[in-house]
Amino acid sequence: MKQWMRKRSAFFFAGASLVLGFCLMFLLENPAYSKRQWYAGWIVWVVGIVLIFLPMFVLRSKGGVAKGEGYVQTTVLVDSSIYSVVRHPQYLGWLLMYPAMMLFNPHWLIVGLGLLGMACVYLFTRQEDEHLVEKFGKPYGRYMQTVPRMNLIAGIVQLVRGTQRK
């Protein structure tokens, strides 16, 4: 029960800080706006959106999801496609929404909300790893040693170099 409450509270604070931050982004005066910053924000946002939606298709097609079940109801450990680069692509996409928001409007309040949200997302990815070790056992433990949690750059470098341990 205690772990469930911790996970739910992290989800709540992460979601609330994202929604509030995006709302404030439009309401607060932008203290340091530049076109480069705006373009960087869009790039980070687009990468985040792709990482949020791509796993929905990958898990449904490769995760042994029963007909009529949600895409997260996997019965098979998925370690291919985007999951060969990072273990939590959807959470990474969610995490990237915060720096995008901060690039669009670097007001101190938005930056604070972004940092809070990023910490919460990181916290529940750690909790998710614990849950998945319980669900899939030793194979997930080996997968954790092979694929970075959310470091997209390290995952891509590993994949290109072929240095992922099997």
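The values are calculated or read from the model by the stated rules, or taken from the named source; none is laboratory data. The model shown is predicted, which means the values in this text are computed figures rather than measured ones. Please note: Cβ atoms are built from the backbone with ideal geometry, for glycine as well, and neighbour counts cover all protein chains shown.
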Looking only at residues in region 82-138 that are under 29 Å from Arg161 (Cα atoms) and among the acidic types (Asp, Glu), which one is farthest from the chain's Cα centre (by Cα)? Glu130
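Report whether or not Arg36 is assigned to a helix (DSSP H, G or I), surrounded by 13 or more Cβ atoms within 10 Å (Cβ to Cβ), more than 13 Å from the chain's Cα centre (by Cα) and of a type in the set (Lys, Arg).
On the way: assigned to a helix (DSSP H, G or I): yes; surrounded by 13 or more Cβ atoms within 10 Å (Cβ to Cβ): no; more than 13 Å from the chain's Cα centre (by Cα): yes; of a type in the set (Lys, Arg): yes.
For Arg36, the condition - assigned to a helix (DSSP H, G or I), surrounded by 13 or more Cβ atoms within 10 Å (Cβ to Cβ), more than 13 Å from the chain's Cα centre (by Cα) and of a type in the set (Lys, Arg) - is not met.
Go through region 79-166 and tell me which helices (runs of 4 or more DSSP H), entirely inside it, have 2 or more residues that are among the polar types (S, T, N, Q) and in contact (Cβ under 8 Å) with a residue 12 or more places away in the chain.
Values: elements: 89-104, 108-136, 138-146, 152-161.
Here the list reads 108-136, 138-146.
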Can you spot a residue in region 53-68 that is free of Cβ contacts under 8 Å to residues at least 60 places away in the same chain, within 23 Å of Leu18 (Cα to Cα), touching a helix residue (DSSP H, G or I) at 6+ places or on another chain (Cβ under 9 Å) and surrounded by 18 or more Cβ atoms within 10 Å (Cβ to Cβ)? yes
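Residues are listed down the side, and each one gets a yes or a no for (1) crowded, with 18+ Cβ neighbours inside 10 Å; (2) at pLDDT 95 or above:
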residue	(1), (2)
Val86	yes, yes
Ala100	yes, yes
Leu103	yes, no
Arg126	no, no
Ile153	no, no
